[in-house]
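Reading through the structure tokens given below for one structure.
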Amino acid sequence: MATEPMQTREDAEEAAATWIARRDSSAWTEADATAFEAWLAQSTGHRVAWFRLNSAWTEAGRVR
């Protein structure tokens, strides 16, 4: 049985930050949305990183 390579919290958060930046760009496509959903489904760590960083990003926008 193949095992998934271990990903650090920092790696997951870096990827989540990249997804946030891509999502907020004018170039976001349906293909991006599909790839993002697949990335989220890969691991709980991805979802945790996404929710943590997206929450901080949203809160930062409210401070403006």
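Some points to look at:
- Length added when fully stretched, F51-S26, from 0.36 nm per residue minus Cα-Cα: 6.8 nm
- Label corresponding to log10 I(q)/I(0) by the Debye sum over Cα atoms at q = 0.12, 0.18, 0.20, 0.26 Å⁻¹ when calculated from the structure given, among (i) -0.33, -0.69, -0.83, -1.17; (ii) -0.42, -0.76, -0.86, -1.12; (iii) -0.51, -0.85, -0.89, -1.02: (i)
- Multiplying the residue separation of A17 and L40 by 0.36 nm and subtracting their alpha-carbon distance yields 7.0 nm.
- Other residues within the sphere of radius under 11 Å centred on the Cβ of W19, judged by their own Cβ, net out at -3 (K and R +1, D and E -1).
Only the coordinates and a few stated rules stand behind these numbers; no lab work does. Computed from a predicted structure; not experimentally measured. Cβ atoms come from the backbone with ideal geometry, glycine included; neighbour counts cover every protein chain shown.
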